[in-house]
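The values are calculated or read from the model by the stated rules, or taken from the named source; none is laboratory data. Keep in mind the model is a prediction, meaning the values are calculated, not measured. Note that each Cβ is placed from the backbone with ideal geometry, even for glycine, and that neighbours are counted across all protein chains shown.
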Amino acid sequence: MPTGYDSATVWLVIALAGVLTFAIRGSFIYLFGRIDDVPPAVESALEYVPAAVFAALVFPPLLAPAGDLAVSVGNEKLVAGALAALAAWYTERVLATILVGMGALWVLRFVV
């Protein structure tokens, strides 16, 4: 898709975004390298980061696969995700969760 910017400007923006991203991540490494102990408030807040990132990555494709909210039995990704969540809760095994989720998605998409 063409833009109104020349290629040098686009590459400059890409490079600048990469440098800024690296600087933000590096600042945390530098900061925590200079502090002996992480404050308890920060440590307790950081415990929620993995769950929040996982939810941000998983829920949009499950709940709105085409961009619109689709909470129904006709949404095969949502049904497969729910079955995978049940398998994760019941077995507490990653491989079983993946097998149930992908198996359900394939069956719902290609068989039903």
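For segment 12-67, name all the residues that are part of a loop (DSSP other than H, G, I, E, B) and either assigned by TED's automatic domain parsing to the domain that holds Val79 or within 30 Å of Ala82 (Cα to Cα) (or both). Before you say what the answer is, go through the steps one by one.
Step one: filter segment 12-67 for residues part of a loop (DSSP other than H, G, I, E, B), giving 35-39, 47-48, 64-67.
Those that are part of a loop (DSSP other than H, G, I, E, B) and either assigned by TED's automatic domain parsing to the domain that holds Val79 or within 30 Å of Ala82 (Cα to Cα) (or both): Glu47, Tyr48, Ala64, Pro65, Ala66, Gly67.
Kindly evaluate Gly18 against the criterion of being at pLDDT 95 or above and farther than 30 Å from Leu108 by Cα.
Details: at pLDDT 95 or above: yes; farther than 30 Å from Leu108 by Cα: yes.
Judged against the criteria, Gly18 is a match.
Per-residue answers, yes or no, for (1) touching a residue at least 12 places away in the same chain (Cβ under 8 Å); (2) under 22 Å from the mean Cα position of the chain (by Cα):
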site: Pro2; (1), (2): no, no
site: Phe28; (1), (2): no, yes
site: Ser44; (1), (2): no, yes
site: Glu47; (1), (2): no, yes
site: Ala56; (1), (2): no, yes
site: Trp89; (1), (2): no, yes
site: Arg93; (1), (2): no, yes
site: Ala96; (1), (2): no, yes
site: Gly101; (1), (2): yes, yes
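Looking at segment 95-109, can you tell me whether even one residue there is exposed (fewer than 10 other Cβ atoms within 10 Å of the Cβ) and not in a helix (DSSP H, G or I)? If you could, list the steps in order and put the result at the bottom.
Residues of segment 95-109 exposed (fewer than 10 other Cβ atoms within 10 Å of the Cβ): 95.
Narrowing further to those that are not in a helix (DSSP H, G or I): none.
The answer is no; no qualifying residue exists.
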